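The values are calculated or read from the model by the stated rules, or taken from the named source; none is laboratory data. Quantities reported herein were computed from a predicted structural model and do not represent experimental measurements. Side chains are part of the model used for accessible areas, which takes the heavy atoms of the whole protein and leaves out ligands, DNA and RNA. Shrake-Rupley method; radii C 1.70, N 1.55, O 1.52, S 1.80 Å.
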Amino acid sequence: MTARDVAARAGVSVTTVSRVLNDKAVDLTPATCERVRVAARELGYQVHPAASALRRGRTGTLGLVVPDIGDQYFHRIARGVEDAIRPQGFGIVFCDTDRDVSLEDEAVDMLLSKGVDGIVLCGGGLDDDRHLRSRRWHNTPVVTIGPHRLDFPGISVDDVGAVAALVRHLHDGGRRRILCVAGQPTWLVTKQRLVGYHTAVEELGLDDDPKLVVHAGFTAEAGEHAVRQARERGIDFDAVVAFDDYAALGALHALQALGIAVPEDVAVAGCDDIDFARFARVPLTSVRFPTYEMGRAAARLLAPPPGEHEEVVAAFGFELHVRESSAPAGRRG
């Protein structure tokens, strides 16, 4: 069944059928429009959404590039993006990069080849975004979430202040040698959060031993390995601050397996406040970022709702959620 068949039944031109079914019939009479719609229903004819979108120069899709969609931090962002764009008829193409430069390049290539109407880059830049700064974007709108070195509108969060707040909290509980389980040194989020760690350590006069900074991944296995490695090397510490809750939970598991009491002997704190944090064997202290709201803000920068002129918040803070894992030295909370 084609538009020509609909036109024949309704007694109009194919152009008129196209204008009516694509909501561009502003100068046609209501009777003509109704005749076309009735004919289309009777013949079971529907406009193909993809073809219609391409004719309008849109695909009705946004690309969302994340380091790990299984990480609840990015799951919340994705939900915020999706909830913001769904009412406007947009869909999402998800790309998971595993924080790998080549995979991120491939993801962007694929999204551009599909002609998405915009791209959200999440999670902070890799290797100072050198691989992305030199590419052509073919006029595709892009919004970043987290620290990036790209000349696009961005949604930022106070990574520096968040980690500094964790260090101050641990210091207030009597901790003096704080093991920092950081991300990889080439990740911009690691660099930002390390600024917060070193700033607070210096400000409070804590031990700034370089051995207290261990670079790891944002997984439970990485956090567990980092703590075991530190113990094997004879590094003394009375607290752990991890740049990711999964790594913090891995550190917590390693300490308990080694017979080290948490928080009596070593306090533990993390970042992102995933749901599992408060349900850990020893509930985990963490900083929470408004990730859902960050996702919504990014989506509204790319695809603002029709007629909306409200200014989008582009800089977000954090909340410190104190739990049993960071109770003052020598006692449980």
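Quick notes on this one:
- Gaussian network model of the chain, Cα within-10 Å springs - most flexible of Glu203, Glu319, Glu34: Glu34
- With only Cα atoms counted, the stretch 1-155 has Rg and Dmax values of 20.8, 62 Å.
- The Rg/Rh ratio of the stretch 199-281, with Rg taken over Cα atoms and Rh as the Kirkwood radius over Cα pairs, comes to 0.95.
- In the chain, helical runs assigned H by DSSP with n ≥ 4 each contribute -39500 (n - 2.57); averaged across all residues and rounded to the nearest 500, the mean residue ellipticity at 222 nm is -12500 deg cm²/dmol.
- Every pair of different Cα atoms in the stretch 237-308 enters the Kirkwood calculation, which places the hydrodynamic radius at 13.8 Å.
- Carbon/sulfur fraction of accessible area - the stretch 80-187, other protein chains in place, 1.4 Å, %: 46
- Space enclosed by the convex hull of the alpha-carbon atoms of the stretch 193-333, per residue, Å³: 133
- Most mobile of Gly173, Gly125, Gly44 in a GNM of the chain (Cα contacts under 10 Å): Gly44
- Extent along principal axes [Cα atoms of the chain; Å; largest to smallest]: 87, 41, 35
- Nearest-10 value in Å² for the accessible area of Arg41, using the 1.4 Å probe: 150
- The stretch 270-316: radius of gyration over Cα atoms, expressed as a fraction of 2.2 N^0.38 Å: 1.62
- Computed log₁₀ I(q)/I(0) - Debye formula, equal Cα scatterers, no solvent, the stretch 155-238, q 0.12, 0.17 Å⁻¹: -0.34, -0.69
- Largest to smallest principal axis extent of the C-alpha atoms in the stretch 124-203, angstrom: 54, 20, 16
- Using every pair of distinct Cα positions in the stretch 91-170, the Kirkwood expression returns a hydrodynamic radius of 13.9 angstrom.
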